[in-house]
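The values are calculated or read from the model by the stated rules, or taken from the named source; none is laboratory data. In this text, all values refer to a predicted model and were calculated from it rather than measured experimentally. Cβ placement follows ideal geometry from the backbone for every residue including glycine, while neighbour counts extend to all protein chains displayed. Quick note on the areas: whole protein, heavy atoms, side chains included, nothing else; ligands and nucleic acids left out. Shrake-Rupley method; radii C 1.70, N 1.55, O 1.52, S 1.80 Å.
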Amino acid sequence: MNRHFLNLSDAGGDAIAAMLNDAIDRKAARAGKPRGAADADAPLAGHVLAMIFEKNSTRTRVSFDMAMRQLGGSALILDGGTSQLGRGETIADTARVLSRMCDAIMIRTDDHAKIEEMAHHATVPVVNGLTDLSHPCQIMADLLTVVEHGVALPGSQWAWLGDGNNVLHSIIEAAGLMKFDVRMGCPEGYDPDPSFAVEAGKLGATVTLTRDPVAAARGADVVVTDTWISMGQDHAEAKLAAMMPYQVTPDLMAQAKPGAKFLHCLPAHRGEEVVDAVIDGPQSVIWDEAENRIHAQKSVLLWALGKL
Ligand code: CP
Ligand code: NVA
């Protein structure tokens, strides 16, 4: 049975907890090593990850490559412009070929249906490196980061400010699986897909939507935002104007708990969704969050390949 990681629910809460523990242990065990050196046990020696990018990336691209090196394996990149995918070879055939040549596939694409098709035809694990629907690997790094910074996930309060996008969908999914609550401050017309909150609610999470950014941030342990204009979306002035009241400022951070952590998946649009005083301020843990993409994804890869 192939273990795909298209959304967090493919793994479930117990496996996510195991991955987070593994990531913490591996990160500690390799302290002081050069970043490209393999972990002592090199659990993916000889394994190759094929990475397909149909959208831009810095963190996902580098962190998966470094994750594979640290696990003793390696990664290669196909991009839409230079592979046959860009000339119309089907996802299904690409999945079949890569499954004969590589040990796992990571894909960043637009329509989530494409990654589902890839997973349907692949005989090796497929990992979601972001789709228009979700960004589960990002949220694995976010969970790792807040746990490292002393937030106990069960019962914690997360505040989301801004666009109801792919990153928020995965946070809501995580809330259900890891038993925390999310208050979402989103302007009208930019709500997340309501099905995520319905599923999280069934698992016991309280996920609420408000138009009031102060109400969203009040008492939060974790404050999160993301770009107002995701990849593939038009840079609409109307959207920017609607989002402006949800900008994360020091005043808004002051509504959260005094020790609240600020997260942003990056890249940031400073002066839009967040101001410098917050993203560069003492509550921001964004550089740990970015580095943790490596550590969290190592554990995702180990889980997907049946080694965890
Ligand atoms: N956060 C994130 O996924 O960054 P990249 O777009 O640079 O990969
Ligand atoms: N919501 C953003 C995340 C980028 C990592 C996007 O999809 O562009």
Among GluC sites (Glu not before Pro) in segment 66-155, those in a DSSP loop whose Cβ has at most 16 other Cβ atoms within 10 Å are E89
Quick one: give the max-minus-min coordinate of the C-alpha atoms of the chain along each principal axis, largest first, in Å. 52, 44, 37
Rounded to the nearest 10 degrees, what's the angle between the helix 91-101 long axis and the longest principal axis of the chain, both from Cα atoms, 0 to 90? 60
Can you give the charge dipole size of segment 20-83 about its Cα centre, rounded to the nearest 20 debye, using +1 on the beta carbon of Lys and Arg and -1 on the beta carbon of Asp and Glu? 260
Using helices alone, what [θ] at 222 nm do you get for the chain, with -39,500 (n - 2.57) per DSSP H run of 4 or more residues, divided over all residues and rounded to the nearest 500? -12000 deg cm²/dmol
Go through I294, V275, A254 and say which Cα lies farthest out towards the positive end of the charge dipole of segment 206-308; charges sit on Cβ, +1 for Lys and Arg, -1 for Asp and Glu. I294
Compute from the Cα atoms of segment 149-308 the Rg and the Dmax, the latter being the longest Cα-Cα distance, and quote both in angstrom. 15.4, 48
Separation in nanometres of the label points that stand 7 Å from Cα toward Cβ, at V97 and D25: 3.9
Length gained when the stretch N2-W287 is fully extended (0.36 nm per residue, less Cα-Cα span): 99.3 nm
Gain in length, D276 to K202, computed as 0.36 nm per residue apart minus the alpha-carbon separation, to one decimal in nm? 22.9 nm
GluC sites (Glu not before Pro), restricted to segment 200-308: which are DSSP loop and have at most 10 other Cβ atoms within 10 Å? none
For segment 125-218, the charge dipole (Cβ of Lys, Arg +1; Cβ of Asp, Glu -1; about the Cα centre) points to a positive end, and the Cα of A152, N166, G201 closest to that extreme belongs to A152
Which values of log₁₀ I(q)/I(0), to two decimal places, follow from the Debye formula for segment 166-227 at q = 0.22, 0.30 Å⁻¹ with a uniform point scatterer at every Cα? -0.88, -1.45
Debye calc, one equal point scatterer per Cα of segment 28-88, no solvent, log10 I(q)/I(0) at q = 0.18, 0.20, 0.21, 0.30 1/Å comes to -0.67, -0.77, -0.81, -1.18
Using only the alpha carbons of segment 111-244, determine the length spanned along each of the three principal axes and report them from longest to shortest in whole angstroms. 47, 39, 27
Relative contact order in percent for the chain (Cα pairs under 8 Å, 6+ apart) equals 20
Report the residues of segment 288-308 in range of a label on A40: point 7 Å along Cα→C-beta, backbone N strictly under 18 Å from it. none
Please tell me the relative contact order of segment 113-175 in percent, rounded to the nearest whole number, where contacts are Cα pairs under 8 Å and at least six residues apart. 36
Considering only H295, H235, H169, give the residue with the highest GNM mean-square fluctuation for the chain, with springs between Cα atoms whenever their separation is below 10 Å. H235
Out-of-range pairs (alpha-carbon distance over 32 Å; input K114/K307; K33/K202; K114/K257; K239/K298; K202/K261; K55/K239): K33/K202; K114/K257; K239/K298
For segment 93-178, just run the numbers: alpha carbon Rg, then divide by 2.2 N^0.38 Å, N being how many residues it has. 1.29
Quick tally, 1.4 Å probe accessible area for V62, V127, V207, sorted with the most first, runs V62, V207, V127
Using 7 Å Cα-to-Cβ label points, what is the Q233/Y190 separation (nm, one decimal)? 0.6
Find how many whole Å separate the alpha carbon centroid of segment 7-61 from the alpha carbon centroid of segment 285-308. 4
If you place +1 on the Cβ of every Lys and Arg, -1 on the Cβ of every Asp and Glu, and leave all else neutral, what size is the dipole of the chain about its Cα centre, to the nearest 20 Debye? 900
Find the eigenvalues of the gyration tensor of the Cα atoms of segment 206-294, then list the square roots of 5 times those eigenvalues as equivalent ellipsoid semi-axes, largest first, in whole angstrom. 20, 18, 12
Along Cα→Cβ, 7 Å out, is where each label goes; now give me the distance between the ones at S83 and N56 in nm to one decimal. 2.0
With Cα coordinates, the longest principal axis of the chain makes an angle with the long axis of helix 59-70, in degrees rounded to 10, of 50
